[in-house]
Every structure is written in structure tokens, then in C-alpha cells.
Amino acid sequence: MSNALKEQLLKAGLADAKKLKAVKKEKHQQKVQAGKKQAVINEASVLAQQSREQQIERDRQLNQQKQALLQQKAIAAQVKQLINNNTIRAQGDVAYNFTDGKLVKRLYVNNKLHDELSRGMLAIAKQDEQYYLVPAAVAEKIKQRQSDSIIVLNVKQQQVDEDDPYADFKIPDDLMW
């Protein structure tokens, strides 16, 4: 109530001073309670919080990309070390032909290495546009880490079809192409 209205009601006898004080106190308490329950919404703080959350998300994604790149580098280093530590020298006069993608490449080896390559005991690994001979066990480890580094890994297939009309004609292991 406004002050003029309070005074008029007191003079007319319709209200007494104790009731006016009680009403005034109750209104004051309601205002205080309402102020505590309602959080003051500041648009600047809301925008700042949103920008912080976006920055955290960007940082998290960037961190994941960095971790993935570090992991790829670590795998590449492991493959390089496996190839360098287990390389078998390929010297000889017998050409071993193999395909690298769409290209046919040639590696000169001796008869023993050619036989081991065709039987799957050796494999050809590629590193920095160069080809290396590695044992099949090492080639399997490399293939688990980086499958595109292994160019040739022959595996004998033991499964023979009973109805195969060419079953009697075996392919020689030393076939040159």
C-alpha cells in the first residue's frame, strides 16, 4: 500500500498499525525469498560459459587428433625397426617378379631365396620406396601393424577341391613368369 492510503485507512479505523507492520514484514520476506530462489541471469556469463565449453570441445578433438598422429608415427617407427633389424640381403642372378599395386617389380635373388619366397618362408616388405626381404614371422608382425608395408607374403593353400579337373596338374614352385 502506498503511504497515503495507509494513513487514510488508519484514520478511518479500517486498519490498525500492528496489521500494517505484519503485512509490510510479510511482503519484505517474500521479496527476499524470491530474490534467493531466482538466479540472476547474466547473458554475458552465459555466453562466456558457452564459449568455454566450445573451446574445451575443440581442445579435446585436437588432442585426439594429436594422439592419433603420435600413434601412427609410433607404429611406423616399429615397422621401420622390424624391417631394418630383420632384413635378409637379396643378391643373386635369379629374378623374382612381383606386383606392387599395378606395377610389376623385379627383385634379384639367389635360388635358395627364390624358393623360400615362393614357399612363403620369406616375404617382401616395402619401406621408403625400397623393397626388403624379411622372414614370414616378421612379416606377420608387420602386417598386424601396417598391412600396406607387406607387398608379397605367399601362403600355401591346403584346401583342394575334389571336383577340380586340374588336380592332377601341380603348379611347379620354381615357375618363372
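The values are calculated or read from the model by the stated rules, or taken from the named source; none is laboratory data. The shown structure was predicted, so the numbers you read here are calculated from the model rather than taken from an experiment. Quick reminder, even Gly has a Cβ in these numbers, built from the backbone with ideal geometry, and neighbours come from all protein chains shown. SASA here: full protein model, heavy atoms, side chains in, ligands and nucleic acids out. Shrake-Rupley method; radii C 1.70, N 1.55, O 1.52, S 1.80 Å.
For labels at Q78 and L20 in the simple 7 Å Cα→Cβ model, what's the distance in nm?
Rounded to a tenth, the inter-label distance reads 8.7 nm.
What pairs from K73/K105; K105/K126; K105/K170; K11/K31 go past 23 Å between their alpha carbons?
In this structure, K73/K105; K105/K170; K11/K31 exceed 23 Å between Cα atoms.
³J(HN,Hα) across the range 110-125 via Karplus (A = 6.51, B = -1.76, C = 1.60, θ = phi - 60°), whole Hz, x for Gly/Pro?
3J(HN,Hα) across the range 110-125, in whole Hz: 8, 4, 5, 5, 4, 5, 5, 5, 6, 8, x, 7, 10, 9, 10, 10.
If the viscosity is 0.890 mPa s and the temperature 25 °C, what Stokes-Einstein diffusion coefficient in µm²/s follows for the chain when Rh is the Kirkwood radius over Cα pairs?
So the translational diffusion coefficient is about 101 µm²/s.
Sort the range 23-122 into rounded, prolate or oblate with this rule: let a ≥ b ≥ c be the square roots of the eigenvalues of the Cα gyration tensor; rounded if a/c is under 1.5, and if a/c is not under 1.5, prolate when a/b is larger than b/c, oblate otherwise.
Prolate.
Treating the angle as unsigned and between 0 and 90°, give the value, to the nearest 10°, between the Cα long axis of helix 17-37 and the longest Cα principal axis of the chain.
Relative to the chain, helix 17-37 is tipped by roughly 10 degrees.
So, with a 1.4 angstrom probe, what is the percent of accessible area on the chain that is carbon and sulfur?
51 percent
Give the span of the range 86-169's Cα atoms along each principal axis, as three whole-Å numbers ordered largest to smallest.
Computed over the Cα atoms, the extents are 45, 32, 25 Å.
Taking Cα atoms, how many degrees apart are the long axis of helix 43-86 and the longest axis of the chain, rounded to 10 and kept between 0 and 90?
Roughly 10 degrees, rounded to the nearest 10.
Expressed as an acute angle from 0 to 90° and rounded to the nearest 10, what is the orientation of the C-alpha long axis of helix 3-12 relative to the principal long axis of the chain?
It is inclined by approximately 40 degrees.
Over the chain, with the other protein chains present, what is the accessible area per residue in square angstrom, probe 1.4 angstrom?
Accessible area per residue: 83 Å².
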